[in-house]
Amino acid sequence: MTSDNFIQKIEVIENKIKSFSFIIAAAICVLFCGYFVVSNLLESEQLYEIRLDEKINPNDASAASLVRLPGIGIGRAQAIVTYRENSPKKGGNGLTFQNDNDLRKVKGIGPKVLQNMNEWLEFE
């Protein structure tokens, strides 16, 4: 083997090592970026946890207030308000919703939804 052939083989090997090193460095960058994106997303979800200072009465709460309840989006909140406005009042206190079971009459409100928001409800 001549020295020129030897030098060419070394240059080929050096180029492969440089290419491989670049690929490894790029992969590490992608992994770190992915880690930071995921960790930021998880932190941002924690920042938007529902924090209620007081319980919500579905008999007089607005849709904007009802949306703060776990599992209640704008559609369900509006369904509660619509049901309340279109239903006759019950009992001596004239309330549509006497307890959480009455809320199950609203379309989209089932046992799981009630379980998630039950601690934030009051019926007066």
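The values are calculated or read from the model by the stated rules, or taken from the named source; none is laboratory data. Being a predicted model, the structure only gives us computed values, none of them experimental. Cβ sites come from the backbone with ideal geometry, for glycine too, and all protein chains shown count toward neighbours.
Flag set for Leu69, criterion: at pLDDT 90 or above, out of contact with any His (no Cβ under 6 Å at 6 or more places or on another chain) and in a loop (DSSP other than H, G, I, E, B).
If you check Leu95, Leu69 for being under 26 Å from the mean Cα position of the chain (by Cα) and touching a residue at least 12 places away in the same chain (Cβ under 8 Å), only one passes: Leu69. Of the listed requirements (1) modelled with pLDDT under 90; (2) under 22 Å from the mean Cα position of the chain (by Cα); (3) not in a helix (DSSP H, G or I), Asn40 misses just one: (3).
Quick check on the range 103-116: of everything there that is in contact (Cβ under 8 Å) with a residue 12 or more places away in the chain and part of a helix (DSSP H, G or I), which residue is farthest from the chain's Cα centre (by Cα)? Residue satisfying both the conditions and the ranking: Leu103.
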